[in-house]
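S.K.: Before I ask anything, let me first share the structure, which is written out below as structure tokens.
Just so you know, all these numbers are worked out from the coordinates, no wet-lab data involved. Predicted model, so just to flag it, every value in this text is computed and none were measured. Here the Cβ positions follow ideal geometry from the backbone for every residue, glycine too, while neighbour counts run over all protein chains shown.
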Amino acid sequence: MKFFLDTADIGEIEKGLALGMVDGVTTNPTLIARQGKSYLPTVREIAQLVPGPVSGEVLSTELDPMLDEAHRLAELADNVVVKLPLTPPGLQAARTLTEEGIRTNVTLCFSPAQALLAAKAGATYISPFVGRLDDISEEGMALIEQIVTIYEQYSFETQVLVASVRHPMHVVDSALLGADVVTLPFKVLDKLYAHPLTDKGLAGFLADWKKTGRSFDD
Ligand code: G3P
């Protein structure tokens, strides 16, 4: 399973890459706005830093300007994946871009029917938002199970990219269900490492050796 970082923060991306756990990055307009920087230059900067796929989202909602922005995003670097909203123009754009050999990530997916449409449009990735479904008392992970089942049934090549991830169990459940990718806020990646018994065990090992009064070489 691939781990993408869901951020436009260069510092977080550098830390994630140094940990060796980051296979790609996803951004959205909110995440880029939070950095207070220009839009396209930020996507370019991230794409130059990250070896794997970097999703940059269009801002237009009509087909022609959406395609224009998609081409400008794709021209930034070979690893840029064009993120498109799950709307009729977004899926029309996904089909056109796929035919042109440009990778796409269809975002804001909240139902299995929407995921089926994205696969039929030839999207490279579908991004179901699990956290935002949990927020309205729906089961975010149930949507992932449905999409994985449907995609397997028809051998769709569209990859399931679990988004709006809020905590480690979203990651574990995604892995159990066979999702292709999870995109994580840096704080969730950090939490995946944590276990109190690891900390306690390490402290015990080191304390026991310290009692001997000997060093590493001794
Ligand atoms: O990048 C899209 C998605 O991951 C946003 O997550 O936490 O704003 O619902 P969130």
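S.K.: Using Cα-Cα distances under 8 Å and only pairs 6 or more residues apart, what relative contact order does the chain have, in percent? The partial results should precede the final answer.
M.R.: Values: 377 pairs, mean separation 35.4, N = 218.
Relative CO of the chain lands at 16 percent.
S.K.: Another one. Once amide H atoms are placed 1.01 Å from N in the peptide plane, what residues at a sequence separation of 5 or more from S55, or on another chain, have their amide H within under 5 Å of its amide H?
M.R.: Residues meeting the amide H criterion: V25, T26, T27, V81.
S.K.: Would you mind working out the magnitude of the charge dipole of the stretch 167-218 relative to its Cα centre, with +1 at each Lys and Arg C-beta and -1 at each Asp and Glu C-beta, to the nearest 20 Debye? Could you put the intermediate results ahead of the total?
M.R.: Numbers: 6 positive and 7 negative charges, 50 e Å.
Using only the charged Cβ atoms, the result is roughly 240 debye.
S.K.: Return, for the Cα atoms of the stretch 136-215, the radius of gyration and Dmax in Å, separated by a comma.
M.R.: When restricted to Cα atoms, the stretch 136-215 yields Rg and Dmax of 19.4, 64 Å.
S.K.: Taking the Cα-to-Cβ direction at S60 and at W209 and moving 7 Å from each Cα, how far apart do the two end points lie in nm?
M.R.: Each label point is offset 7 Å from its Cα along the Cβ direction, giving 6.1 nm.
S.K.: Rounded if a/c is under 1.5, else prolate if a/b is larger than b/c, else oblate: which is the stretch 64-158, with a ≥ b ≥ c the root eigenvalues of its Cα gyration tensor? All intermediate terms of the calculation are to be shown ahead of the outcome.
M.R.: Values: a/c = 2.24, a/b = 1.67, b/c = 1.35.
Prolate shape, in that a/c is at least 1.5 and a/b is the bigger ratio.
S.K.: So between Q35 and A113, what do we pick up on full extension, going 0.36 nm a residue minus the alpha carbon distance?
M.R.: Stretched out fully, the Q35 to A113 stretch lengthens by 24.7 nm.
S.K.: Take the eigenvalues of the Cα gyration tensor for the chain, scale each by 5, and report the square roots as semi-axes in whole Å, largest first. Provide the component values of the computation, followed by the final result.
M.R.: Numbers: eigenvalues 263, 92, 40 Å².
Semi-axes (√(5λ), whole Å): 36, 21, 14.
S.K.: Which of these, L59, L197, L97, has the largest mean-square fluctuation under a Gaussian network model of the chain (Cα springs below 10 Å)?
M.R.: Checking each option, the largest mean-square fluctuation is seen for L197.
S.K.: Answer with one residue from Q48, L91, F205: the one whose Cα lies farthest towards the positive end of the charge dipole of the chain, charges on Cβ with Lys, Arg +1 and Asp, Glu -1.
M.R.: In the chain, that residue is F205.
S.K.: According to a simple spin-label model (label point 7 Å from Cα along Cα-to-Cβ), what is the distance in nm between F216 and D190?
M.R.: Between D190 and F216, the label points sit 2.6 nm apart.
S.K.: If you take the charge dipole of the stretch 52-188 about its Cα centre, with +1 on Lys and Arg Cβ and -1 on Asp and Glu Cβ, which of P168, V80, G122 is farthest toward its positive end?
M.R.: It is P168, whose Cα lies furthest towards the positive end.
S.K.: Right, next: Once every DSSP H run of n ≥ 4 in the chain is given -39500 (n - 2.57) and the sum is divided by its residues, what mean residue ellipticity at 222 nm do you get, rounded to the nearest 500 deg cm²/dmol?
M.R.: On the way: 11 runs with 115 residues, N = 218.
The helix-only estimate for the chain comes to -15500 deg cm²/dmol at 222 nm.
S.K.: Listed highest first by mean packing, meaning other Cβ atoms within 10 Å per residue, what order do 121-131, 86-96 come in? Don't skip to the answer; put the middle values down first.
M.R.: Values: 121-131: 24.0, 86-96: 19.7.
Top to bottom by mean Cβ count within 10 Å: 121-131, 86-96.
S.K.: Which FRET efficiency value, to the nearest 0.05, is calculated for L176 and E14 with the Förster distance at 35 angstrom and r the Cβ-Cβ distance?
M.R.: After rounding to 0.05, the efficiency reads 0.70.
S.K.: Among A142, A207, A118, determine the one that fluctuates most according to a GNM of the chain built with springs between C-alpha atoms less than 10 Å apart.
M.R.: A207
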